[in-house]
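Participant: Sharing a structure below in C-alpha cells format, with a few things to ask.
Please treat every number below as a calculation from the coordinates, not as lab data. From a predicted model like this one, the values you see are computed outputs, not experimental measurements. Cβ: placed from backbone, ideal geometry, glycine included. Neighbour counts: every protein chain shown.
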Amino acid sequence: MQLLLQIITLIGSVAMLMYGMKVMSEGLQKMAGSKLSNVLGTMTTNRFSGVLTGAFITAAVQSSTATTVMTVSFVSAGILSLAQAISVIMGANIGTTFTAWIMVLGGSSFDMRLVVYATIVLAVALIYTKKNANLGDFLIGLSLMLLGLTTLKINATEMKLDQIDAVRTFFDSTSSWGYGSYFLYLLVGGILTFAVQSSAAIMAITMTLCSVGVLPIDMGISLVLGENIGTTITSNIVALSASVQARRAAMAHLVFNLFGVIWVLIVFRPFVGFVCKLWGIPFEPGVRPENGLSPEKLSAILATFHTMFNVINTCILIGFIPLLEKLVCVIIPSKPEGDEDSTLKFITGGLMSTSELSIMQAWHEIHVFGVRTRRMIDMVSDLYHTNDEQNFVNIYSRIEKYEGICDRMEVEIAAYLNQVADGRLSDQSKHEVHKMLRIVSELESVGDANFNLSRYISYRHRDRLPYTEDQNRNIEMMESLLAQAANKMVEALDKIHISDSEFAEMMRIETEINNFRDDLKAQNALNVTGHVYDYLTGVNYMDTISEFEKMGDYIINVEEAIYEKKHDKETL
C-alpha cells in the first residue's frame, strides 16, 4: 500500500510540475503576449539581435514551443526571413535553459513548501480581487511547479530508489555499454520528450534520478541531449501544414540540435568531466554518484551542461546561418504551390501555447483578410474601367476567386477563434474574441459586396447599357470614397487601434457616402422620368451605387468594433 501511494505521488508530482509550467507560461504570456509579436518582428535586424530576441522571449514566457511556433508562423507569412527565423530559434534554445535553473532553485535543500503556500495565498488574492489577475496566474503556476519539484524530490528520497535492487540493477546494466549506453539514453530522452510534449518534465525527472544517486551523471546528460532532439518535433509537426519556408525553419531547428548532439558526443566524456570539475565533483563514466554528494550540485551539473551546450552550439553555428539555410533548402526543396492568397498565413499551425498568443495571431490573420478585401476594391475598379474583353473576363474570374477565398477565410478564422474561446480566457479576452468574430463577418460581407458589384458591372457589360458621363463620374467618386474608407480600415486592423480623430474622419466619410447615395437616388428618378437614360440603365446604376453604400456600412462596422475595443481597454 505504501509503495502504491509513493507511485501515485510520483506521477502526481510530475503532473503538477507540467501543469504549473503551463499556467506560469500562460500568466507571463497574458502579461506580455500583446508585445511579443512586435518584439519578434522588429528586433531581428541581424543574426545576433535575432539570437538575443529568441532567448529573451523564451526566457520571458518560459516556453520555447511558443517562440518556435510563432517564428514558424511569421516565416509562413513572410514577416521573417528564413535566416532571421534560424537566429531566433537558436536564441530560443538558449532561453529554454533558464527553466532548468528554476528547477535547480526549486530542488534546493530549503523546504520550498513554506514559500509555495504563502505565494499561493497571494496569488489567489490577486485573482479573486481581479487586481493583476495575470500576475496571480503566473504566481499560481510558479507555486505549483515548485511544489511539484519539491514533492518529486521528497518522494524520490522516501522511496529510496538507490536501495531498490531492481532499479539499481536496471541502471547499472544499461549504463555499462559505453557509448552504446549514451545512444540508448539519448533515444529514450527524445522519445519521452516527444511523448509528453514537455522537456521540462523530463528534465525534472532526470535531475531527480541523478540527485538521489540512481542514475549516473553522464547518462542523465545523455537524457538531456535526447530532450533537445525531442522538443524539435513539435515545431516540425506544426509546420507540416504551413508553407515551404515555414517547414524549412522547423527543419533548421532539428538540424541545429542534431549538429550539437553530434559534436558533443565526439567530446562527450571530456566535456562532462569539465562540467563536473566546475562543481568540484569527480566524474567516472557509467558510475553512479557516491552517497553524500550534494543533490543540489548534481542537479546544477545538468543545468550547467544544458546551458553550456546550447550557448556553445549557437556560438559555433551563428557564423554558418547562410550555410544552414542552404542545407535546409536542399532537404526541403521548393515545389510549385497554388495561389498563396488562398491560404491562411498565420494560424495554419493550430493554436499557440496559450489562448492569449492565439488571439494575437488571429489579429494578424484578420489584418491579412482586410488587405485582401481592400485588394478586391481595386479589382472592381479595374473591371469597371476596362474595355478589353479578355481582360474583363480575367478580372471577373479573379474577383470570383477572391470571393471564394473570403468565404473560406471567414469560416477558418471563426473556427479558430471558437477554439481559442474554449481555452482559459479573461473576461476582456472573451469580449475581444466576440468583437473579432464580428469583424470577420463584416469583412466577409465586404468581399460579398465586391462580388455583387462585379456582377452588376458584368450585367452592364453584357447588355451594353450606356452610362452618361455624369454617371461615370459619380461611380468614380464612390470608388474614391470607398478606397479612402478601406485604406483607413486596413490601417486600423494593422495597428488594432483607432484614435478619436481617426474615427471621426471615418464617420465623416461614411456620412458623405450615405448622403451621396441619397442624392444620386433622387437624381436617378428624375433622369429616368426625363429620359436622360432608360429604366434598365437606371436600375443597374442604382444597384451599383447601393452596393457601394452597403460596403461602406460593412467597413464602418469593422472600424466601430476596433474603436470599441480601444475604449474597452481604457475602461479596464
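Participant: Give me the number: length gained by fully extending I11 to H497, i.e. 0.36 nm times residue separation minus the C-alpha to C-alpha distance, one decimal in nm. List each step's numbers first, then the result.
Facilitator: Numbers: separation 486, 0.36 × 486 = 174.96 nm, distance 4.66 nm.
Length difference between fully extended and current span is 170.3 nm.
Participant: If I take every Cα pair under 8 Å that is 6 or more residues apart in region 399-533, average their sequence separation and divide by the length, what percent do I get for the relative contact order? Before the final figure, lay out the partial values.
Facilitator: Working: 36 pairs, mean separation 34.4, N = 135.
Rounded, it is 25 percent for region 399-533.
Participant: Given R₀ = 30 Å, FRET efficiency for K401-M477 by Cβ-Cβ distance, to 0.05? Provide the component values of the computation, followed by the final result.
Facilitator: Details: r = 28 Å, r/R0 = 0.94.
That gives a FRET efficiency of 0.60.
Participant: Same structure again: Find the percent of Cα-Cα distances in region 510-559 that exceed 14 Å, and round it to a whole number. Kindly include the intermediate steps, with their values, before the conclusion.
Facilitator: Working: 654 of 1225 pairs.
Within region 510-559, distances greater than 14 Å cover 53 percent of Cα pairs.
Participant: Moving to a separate point now. At 1.567 mPa s and 4 °C, plugging the Kirkwood radius over alpha-carbon pairs of region 345-571 into Stokes-Einstein gives what diffusion coefficient in µm²/s?
Facilitator: Numbers: Rh = 18.7 Å.
It diffuses with D of about 69 µm²/s by this estimate.
Participant: Translational D (Stokes-Einstein, µm²/s) of region 456-564 at 10 °C and 1.306 mPa s when Rh comes from the Kirkwood sum over C-alpha pairs? Could you put the intermediate results ahead of the total?
Facilitator: Working: Rh = 15.0 Å.
This corresponds to a translational diffusion coefficient of 106 µm²/s.
Participant: Given labels modelled 7 Å from the Cα in the Cβ direction, how far is it in nm from S334 to R408?
Facilitator: Taking the simple label geometry, S334 and R408 are separated by 2.2 nm.
Participant: Using Cα positions and a limit of under 18 Å, work out the aspartates and glutamates in reach of K297, with same-chain residues fewer than 8 apart set aside.
Facilitator: In chain and number order, the partners are D111, D162, D218, E284.
Participant: Right, something else. Strictly over 26 Å apart at the Cα level, which of K430/K495; K488/K550; K401/K550; K495/K521 would you flag in this model?
Facilitator: Values: K430/K495 20 Å; K488/K550 17 Å; K401/K550 21 Å; K495/K521 36 Å.
Checking Cα-Cα distances, K495/K521 exceed 26 Å.
Participant: Give, as a single signed number, the net charge of other residues whose beta carbon lies under 15 Å from the beta carbon of A525, with Lys and Arg counted +1 and Asp and Glu -1.
Facilitator: In short, -3.
Participant: Oh, and also: What FRET efficiency comes out for A415 versus V196 if R0 is 30 angstrom and r is the Cβ-Cβ distance? Round to the nearest 0.05.
Facilitator: Details: r = 28 Å, r/R0 = 0.92.
Step by step, r from the Cβ atoms, then E = 0.60.
Participant: Given Cβ point charges of +1 (Lys, Arg) and -1 (Asp, Glu) and nothing else, what value in debye, to the nearest 20, does the dipole of region 384-442 about its Cα centre take? Intermediate values should be presented prior to the final figure.
Facilitator: On the way: 7 positive and 11 negative charges, 59 e Å.
Computed charge dipole of region 384-442: roughly 280 debye.
Participant: Would you mind ranking H367, H461 by Cβ crowding within 10 Å, fewest neighbours first? Each step should come with its number before you reach the end.
Facilitator: Values: H367 20, H461 17.
Fewest to most other Cβ atoms nearby, the residues stand as H461, H367.
Participant: Follow-up. Evaluated at 20 °C with a viscosity of 1.002 mPa s, what Stokes-Einstein diffusion coefficient in µm²/s does region 375-486 have when Rh comes from the Kirkwood expression over alpha-carbon pairs?
Facilitator: Details: Rh = 16.0 Å.
D, rounded to a whole number, is 134 µm²/s.
Participant: What does the charge count around G20 come to, taking other residues whose C-beta lies under 13 Å from its C-beta (Lys +1, Arg +1, Asp -1, Glu -1)? Working shown, then result.
Facilitator: Numbers: positive: K22; negative: E26, D137.
That sum, taken over residues with Cβ under 13 Å, equals -1.
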